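Q: Quick one: the structure is below, and I'll ask about it shortly.
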Amino acid sequence: MPNSADAVADVHRVLESCVNMSWSEVKRRATLRKELRAVPPVRISDARLGQVFLPILLQAGRALAARGPSARGTIRIATWTDPELGAVAEIRDDGVGISPEAVAHLFDPFGPLQPAGPTAGLGLAVAHGIV
């Protein structure tokens, strides 16, 4: 098994996988727009990069759900290469937004944006730790 420090991920492949995993939860609330430009591979395993993208996509779906049961929104996924940063991936939604009080605790385990349930609440904290 290769050393995880030597792992290289294809950003687009991991994003597509995360979209597929989250789509059953998100599709009834959102239209997905992809603006994927070429990006270099990144030094991280597919699994770890997925732990960054998946909770963000699920949170985008929850933000859209807060608009109401019949409201639909848009989730936009974009990638590009920045000359200084390298690969850049952006996930945006047009949901209800985050209150200033919640922003201060956005990445806290079991923080204000986390759903209820025995396995919920660590996604954004784990994503933040990886980044």
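Q: Round to a whole number: what % of the accessible area of segment 1-51 belongs to carbon and sulfur, probe 1.4 Å?
A: Values: 1770 of 3430 Å².
The C+S portion of the solvent-accessible surface of segment 1-51 is 52 percent.
Q: Just to be sure I understand the model, the point goes 7 Å from the Cα along the line to the Cβ. What's the resulting VAL8 to GLU101 distance in nm?
A: 4.8 nm
Q: Let me ask you something else. In nm, to one decimal, how far is the GLU16 label point from the ARG92 one, both placed 7 Å along Cα→Cβ?
A: Placing both labels 7 Å beyond Cα along the Cβ direction yields 2.4 nm.
Q: Please list 3J(HN,Hα) in residue order for segment 36-41, calculated via the Karplus relation 6.51 cos²θ - 1.76 cosθ + 1.60 where θ = phi - 60°; whole Hz, with x for glycine and proline.
A: 9, 9, 4, 9, x, x
Q: On to the next question. Counting Lys and Arg as +1 and Asp and Glu as -1, what is the net charge of the other residues whose Cβ lies under 11 Å from the Cβ of ALA71? Intermediate results must be reported in sequence, preceding the final value.
A: Details: positive: ARG28, ARG29, ARG67, ARG72; negative: ASP94.
It works out to a net charge of +3.
Q: Still on this structure, please answer the following. Please compute the Kirkwood hydrodynamic radius over segment 1-94, one decimal place, Å, based on all pairs of different Cα atoms.
A: Working: mean 1/r = 0.0716 Å⁻¹.
So the Kirkwood estimate lands at 14.0 Å.
Q: I'd like the Karplus ³J(HN,Hα) series for segment 25-34: coefficients 6.51, -1.76, 1.60, θ = phi - 60°, whole numbers in Hz, and an x wherever there's a Gly or Pro.
A: So the J values, rounded to whole Hz, are 7, 9, 4, 6, 10, 9, 9, 9, 10, 10.
Q: With a point put 7 Å past each Cα toward its Cβ, work out how far THR81 is from GLU25 in nm, to one decimal.
A: 3.3 nm
Q: Explain nothing, just the number: dipole magnitude of segment 1-82 about its Cα centre with +1 on each Lys and Arg Cβ and -1 on each Asp and Glu Cβ, in debye rounded to the nearest 20.
A: For segment 1-82, the charge dipole is close to 540 debye.
The values are calculated or read from the model by the stated rules, or taken from the named source; none is laboratory data. What you are looking at is a predicted structure, and each value in this text was computed from that prediction instead of being measured. Virtual Cβ from ideal backbone geometry, glycine too; neighbours counted across all protein chains shown. These area figures cover heavy atoms from the full protein model, side chains too; ligands, DNA and RNA do not enter into them. Shrake-Rupley method; radii C 1.70, N 1.55, O 1.52, S 1.80 Å.
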